[in-house]
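Here's the structure we're looking at; comments come further down.
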Amino acid sequence: MNVETAKTNKPRKNAFVMFIHKMGSPPWFYNFTGKFIPWFWAIFIVLTVWGLYLGLVKAPADYLQGESFRILYIHVPAAWMSLLIYISMAIMAFIALVWRIRIVEILAMTSAPIGAAFTIVTLAAGSLWGRPTWGTYWVWDARLTSELVLLFIYLGIIGLYNAIDEPRKAARAACLLALVGAVNLPIIHYSVKWWNTLHQGSSISLMGGSSIDTSMLWPLLIMAVATKFYYGANLLTRARVKLLEQDIRKAWVREVLKEKNG
Amino acid sequence: MSGQAVNASLSRAFFALVRRDILLAFRRRTELLFPVIFLMVVVSLFPLGIGPGPQLLARIAPGVIWIAALLATVISLDALFRSDFEDGTLEQFVISGHPLTLIALAKILSHWLVAGLPIVLLSPLLALWMNLPGESLGVMILTLAIGTPILSLIGSIGVGLTISLKRGGQLLSLLVFPLYVPILIIATAAVMAASDSLPYTQFLGLLTAGLITSVTLAPFAAAAALKISLS
Amino acid sequence: MTPTRKRRLIAVLLILAGVGVASTIAFYSLQENLLYFQSPSELAQQPIPPGRQFRLGGLVKPGSVERQGQSLTTHFVVTDGPEEVTVEYVGTLPDLFREGQGVIARGALDDSGRFAATEVLAKHDENYMPPEVADALEESGHLMTEGKGGG
Amino acid sequence: MLSASQIVFERYFEPVFEPVNFDLKSGELLLVTGANGCGKTTLIRVLAGILHPTSGQLDLKAAGMAYVGHYLGIKDDLSVVENLRFMRDFLGTSGTSCEQLISQVGLTRVAEQQARTLSAGQRKRCALARLLVSEAQLWLLDEPYSNLDQEGVELVDILLNRHLDAGGACVLATHGAHRPQWAGTTDYHLVSGAAA
């Protein structure tokens, strides 16, 4: 019988695993990401200003919804991010669980609050939009509903992570939950979408599929790219702080702090 | 040990565990009855809260009975692993060398027999209270029979994750309810389709697919969750 | 093969088999055309006896909506092209209820073949475009919504 | 039977104990001693496979492991006999009958009683009986002497000697004054990792 001898035979290391292990070294990660972060923030700010200017000032008003459609430039990029961050978190959670790499655990777990924030923005902007469009702040529209469920899942992950004392155990538990959520999310999404069509006949329309005019599309794309840089910048900033916190008694942190102060 | 001997010993361990859990449940009969009583109380609150109009009750019956079933299941979930975790039996299971996945599956099965099956058996009474049309009663029972095992299976992951927490029960509901959304939607859609004289077999098909998927995946996740909780 | 490896292999095979079977069942279930409502054509082919509850779905025929004075009773025609059914509904219609748009009504046929609805659900359309594009589409007869501005 | 090289376990980003190395062979007893909080229980749980070591290699070649820890793994709602019978069915062992084992650990008088009615010492004896049910080659005992009277302590030593005589091996963690007498004993003094 052979119980738990996972570490006895060394795995053959390919380039990907090598990269991950290199990333796994806290000082290396700290210094490496330190170079990127200011750039990420800068690109994010430039793109946001540009995108919002095009979207809020330059783009024409919608034929049916008038000016209120402009909420789209906040709502839609946020909605994309809420999902994209979940996917990235789930991938990192998988890597963290399989290879037990602390940095990836931290990255996955710091993704959760950012994703939850984007989800809240999506919901808030969506209901502000709903008021002029549907005449109510909230309808159980398929996308609103699945976004709400996504928020609950994010909150569950954050709650579990904070409820368990030992940080690495907490991270592993929450990573597992993130993976379970990743399996369930498409199912939830489709079932909600389809539950909603049960009520509302979106399958029947006198027109073709949804369309959006190009003059309205550009600012949207710019905002979409901007939010990705925001995620990168915010994630790395938070992860670095977390790393310093956890390794506060390690030599490399003392050196970093000495450099900062000296 | 040869392969067959291993398989024989595994199936023996599996059934020994199921038998023990059912015996334990009957040794604690009040705990056994609690989810069932809870289910009845919750369902009976609806007519009291929104009025006894038979039409309205019939309309909301599938949703009410299913939501009550979800609540009753979540309440009973904590019993799934907690006592074994707290008295050290779970450590003994880990050290036995039997795959933890199989152990989790055995415990989920006995949980369903003790907590899920009574809900299925009780549903005709609840349907009567809620004035559910007779033709959809059979579909209601079928959805519960296929759906409640899924609740136990998905719930086991949540319990596995929260078991090491003192107040794990509160967090548990936040973790599992979002995951229960598809089951609630599909099951109630089936019952409503049946009461609107529409075909409903496709919904039952989807539920069955959900059951098979969760039987194959959930025990692995639950076992991984238990391992994390033990550390 | 070591027992651990063999066990792992069996587990992987079981997972694949389970997920495979489940997806097949799900696929065939979804093939069965998840029917949320009867269209007027389906109703014409397979009549449902009066008094039996079902869901009727289709588009509100433009120009068919009649409101009866001060009362909340509304009559309109639901069509899917070849066939149509007259619907009677007492109550407030949803904000998104518009001629030319999709609706689903819940209720039963009465003896005269009219559909007495107890519930009406509607859906807005999902297109975003500048007014001039909308005008162009309207001219070419592709857009059948009434008026402009928020609904 | 069990060898460990450079086993480290971290909690709150601190190693619990200094890296552990040993090679335990058949008929040998590893006596883990050390101050309170030096991680004896943690080490035993790592060896048992309940905890995953942060780094290091663990090589186990024993036919079965059995473990007695702080939580005994006895169901309160089952009687002593039922507890043991379940373990026997669960583990698929078929040696000495449960009744005989119960008499070996001196619990015959309370065999049919629910475990909740037993004293702490009697529960420990019940756990010792389960050790025998398992028929495992490797025993992992965490403070086996606690809660036991003089007679109980002697019982542990008798069972232990018999087990080692028959070619078994054992890792025993204790902080107490009592130590078992056995020729093939290796002392392992565990040092807390945080102190280093």
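The values are calculated or read from the model by the stated rules, or taken from the named source; none is laboratory data. Fair warning: this is a prediction, and the values are worked out from it, not measured in the lab. Cβ coordinates were reconstructed from backbone atoms using ideal geometry, including for glycine residues, and neighbour counts include every protein chain displayed.
Tally time: how many residues in region C:23-72 are over 19 Å from the mean Cα position of the chain (by Cα) and buried (at least 19 other Cβ atoms within 10 Å of the Cβ)?
Number of matching residues: 2.
With (1) surrounded by 21 or more Cβ atoms within 10 Å (Cβ to Cβ); (2) modelled with pLDDT of 95 or more as the list, and B:Thr208 as the residue in question, which single condition is left unmet?
Answer for B:Thr208: the failing condition is (1).
Please verify whether B:Leu161 is part of a helix (DSSP H, G or I), within 14 Å of chain C (Cβ to nearest Cβ) and crowded, with 24+ Cβ neighbours inside 10 Å, treating the condition exactly as stated. Spell out the reasoning first.
Details: part of a helix (DSSP H, G or I): yes; within 14 Å of chain C (Cβ to nearest Cβ): no; crowded, with 24+ Cβ neighbours inside 10 Å: yes.
The answer is no for B:Leu161.
Counting only residues that are more than 10 Å from chain C (Cβ to nearest Cβ), of a type in the set (Gly, Ala, Ser) and surrounded by 24 or more Cβ atoms within 10 Å (Cβ to Cβ), which one in region B:211-231 is nearest to the chain's Cα centre (by Cα)?
The residue in question is B:Ala218.
Tell me the strands (runs of 3 or more DSSP E) entirely within region D:1-77 that contain at least 3 residues that are among the β-branched types (Val, Ile, Thr) and closer than 15 Å to D:Ala136 by Cβ. Steps first, answer last, please.
Values: elements: D:2-8, D:20-24, D:29-33, D:55-60, D:65-68.
Fully inside region D:1-77 and qualifying: nothing.
Test B:Leu23 against the stated conditions and say whether it is in a helix (DSSP H, G or I), within 9 Å of chain D (Cβ to nearest Cβ) and of a type in the set (A, V, I, L, M).
yes
Within region B:179-205, restricting attention to residues that are facing chain C (nearest Cβ under 8 Å) and polar (S, T, N, Q), which residue is surrounded by the fewest Cβ atoms within 10 Å (Cβ to Cβ)?
Residue satisfying both the conditions and the ranking: B:Thr201.
Name the residues in region B:45-98 that are within 13 Å of another protein chain (Cβ to nearest Cβ) and assigned to a loop (DSSP other than H, G, I, E, B), would you?
B:Gly53, B:Asp87, B:Gly88, B:Ser96, B:Gly97, B:His98
Of the residues B:Ile22, B:Ile37, only one is surrounded by fewer than 18 Cβ atoms within 10 Å (Cβ to Cβ), touching a residue at least 60 places away in the same chain (Cβ under 8 Å) and β-branched (Val, Ile, Thr); which? If you could, list the steps in order and put the result at the bottom.
Numbers: B:Ile37 fails: touching a residue at least 60 places away in the same chain (Cβ under 8 Å).
Every option except B:Ile22 fails the conditions.
Among the aromatic types (Phe, Trp, Tyr), at pLDDT below 90 and either over 26 Å from the mean Cα position of the chain (by Cα) or assigned to a helix (DSSP H, G or I) (or both) - does that describe any residue in region A:225-233? Give the steps one after another, and end with the answer.
Start the filter on region A:225-233 by keeping residues that are among the aromatic types (Phe, Trp, Tyr), which leaves A:229-231.
The next check asks that each one be at pLDDT below 90; those that pass are none.
Looking through region A:225-233, none of the residues is among the aromatic types (Phe, Trp, Tyr), at pLDDT below 90 and either over 26 Å from the mean Cα position of the chain (by Cα) or assigned to a helix (DSSP H, G or I) (or both).
Among the residues of region C:94-116, which ones are modelled with pLDDT of 75 or more, buried (at least 19 other Cβ atoms within 10 Å of the Cβ) and within 14 Å of chain A (Cβ to nearest Cβ)?
C:Phe97, C:Arg98, C:Gln101, C:Gly102, C:Val103, C:Ile104, C:Ala105, C:Arg106
What single numbered condition from (1) touching a Ser or Thr at 6+ places or on another chain (Cβ under 7 Å); (2) crowded, with 23+ Cβ neighbours inside 10 Å fails to hold for B:Ile103?
Result: B:Ile103 passes all but (1).
Here's a check for you: in region B:27-44, which residue that is within 16 Å of B:Asp84 (Cα to Cα) and outside any loop (DSSP other than H, G, I, E, B) is farthest from the chain's Cα centre (by Cα)? Before the answer, list the steps.
From region B:27-44, those within 16 Å of B:Asp84 (Cα to Cα) are B:27-28, B:31; that's our starting set.
Checking the rest, the ones that are also outside any loop (DSSP other than H, G, I, E, B) come to B:27, B:31.
On the way: B:Arg27: 21, B:Glu31: 16 Å.
This residue is B:Arg27.
Are any residues in region A:159-172 more than 24 Å from B:Val181 (Cβ to Cβ), more than 8 Å from chain B (Cβ to nearest Cβ) and in a helix (DSSP H, G or I), and if so, which ones?
Scanning region A:159-172 gives A:Pro167, A:Arg168, A:Ala170, A:Ala171.
Can you spot a residue in region D:37-52 that is hydrophobic (A, V, I, L, M, F, W, C) and touching an Asp or Glu at 6+ places or on another chain (Cβ under 6 Å)? It would help to see each step written out before you state the result.
Going residue by residue through region D:37-52, those that are hydrophobic (A, V, I, L, M, F, W, C) are D:38, D:43-44, D:46-48, D:50-51.
Filter once more, so that each one left must be touching an Asp or Glu at 6+ places or on another chain (Cβ under 6 Å): D:44, D:50.
Yes, region D:37-52 contains at least one residue that is hydrophobic (A, V, I, L, M, F, W, C) and touching an Asp or Glu at 6+ places or on another chain (Cβ under 6 Å).
Does A:Ile106 satisfy the condition of being within 14 Å of another protein chain (Cβ to nearest Cβ), out of contact with any Ser or Thr (no Cβ under 6 Å at 6 or more places or on another chain), of a type outside the set (Lys, Arg) and part of a helix (DSSP H, G or I)? Spell out the reasoning first.
Values: within 14 Å of another protein chain (Cβ to nearest Cβ): yes; out of contact with any Ser or Thr (no Cβ under 6 Å at 6 or more places or on another chain): yes; of a type outside the set (Lys, Arg): yes; part of a helix (DSSP H, G or I): yes.
The answer is yes for A:Ile106.
Mind checking which residues of region C:73-87 are touching an Asp or Glu at 6+ places or on another chain (Cβ under 8 Å) and buried (at least 16 other Cβ atoms within 10 Å of the Cβ)?
C:Thr74, C:Phe76, C:Val77, C:Val78
From A:Ser146, A:Ser127, grab the single residue that is within 10 Å of chain B (Cβ to nearest Cβ) and small (Gly, Ala, Ser). Let's see the steps before the verdict.
Working: A:Ser127 fails: within 10 Å of chain B (Cβ to nearest Cβ).
Step by step, each of A:Ser146, A:Ser127 is checked, and only A:Ser146 is within 10 Å of chain B (Cβ to nearest Cβ) and small (Gly, Ala, Ser).
List the strands (runs of 3 or more DSSP E) that sit entirely inside region D:83-196 and contain at least 2 residues that are surrounded by fewer than 19 Cβ atoms within 10 Å (Cβ to Cβ).
Details: elements: D:138-142, D:169-173, D:185-189.
The qualifying strands (runs of 3 or more DSSP E) are D:185-189.
If I filter region C:128-139 for residues that are touching a Pro at 6+ places or on another chain (Cβ under 6 Å), at pLDDT 65 or above and more than 29 Å from B:Pro133 (Cβ to Cβ), do I get at least one hit? Even if it seems obvious, please write down each step before you answer.
First, pick out the residues of region C:128-139 that are touching a Pro at 6+ places or on another chain (Cβ under 6 Å): C:130.
Right, trim to at pLDDT 65 or above and you get none.
Looking through region C:128-139, none of the residues is touching a Pro at 6+ places or on another chain (Cβ under 6 Å), at pLDDT 65 or above and more than 29 Å from B:Pro133 (Cβ to Cβ).
Does C:Val19 satisfy the condition of being at pLDDT 85 or above and not in a helix (DSSP H, G or I)? Explain how you work it out, then say what you get.
Numbers: at pLDDT 85 or above: yes; not in a helix (DSSP H, G or I): no.
So C:Val19 fails the test.
Working carefully through the options A:Gly181, A:Gly201, A:Gly156, find the one that is surrounded by 19 or more Cβ atoms within 10 Å (Cβ to Cβ), at the interface with another protein chain (Cβ under 9 Å from one of its Cβ atoms) and modelled with pLDDT under 80. Lay out the reasoning, then the answer.
Numbers: A:Gly181 fails: modelled with pLDDT under 80; A:Gly156 fails: modelled with pLDDT under 80.
Of the residues listed, the single one that is surrounded by 19 or more Cβ atoms within 10 Å (Cβ to Cβ), at the interface with another protein chain (Cβ under 9 Å from one of its Cβ atoms) and modelled with pLDDT under 80 is A:Gly201.
Being small (Gly, Ala, Ser) and more than 13 Å from every other protein chain (Cβ to nearest Cβ) is the filter here, so list the residues in region B:117-146 that pass it.
First, pick out the residues of region B:117-146 that are small (Gly, Ala, Ser): B:123, B:127, B:134, B:136, B:138, B:145.
If the condition is that a residue be small (Gly, Ala, Ser) and more than 13 Å from every other protein chain (Cβ to nearest Cβ), then B:Ser123, B:Ala127, B:Gly134, B:Gly138, B:Ala145 are the ones that fit.
Looking at region C:49-65, I want the residues that are assigned by TED's automatic domain parsing to the domain that holds C:Asp80 and on the phi < 0 side of the Ramachandran plot and have a partner that is assigned to a loop (DSSP other than H, G, I, E, B) and of a type in the set (Phe, Trp, Tyr) with Cβ atoms under 7 Å, at least 6 apart or on another chain. Which pairs are those?
Filtered contacts from region C:49-65: C:Arg55/C:Tyr36; C:Arg55/C:Phe37; C:Leu56/C:Phe37; C:Gly57/C:Tyr36; C:Gly57/C:Phe37.
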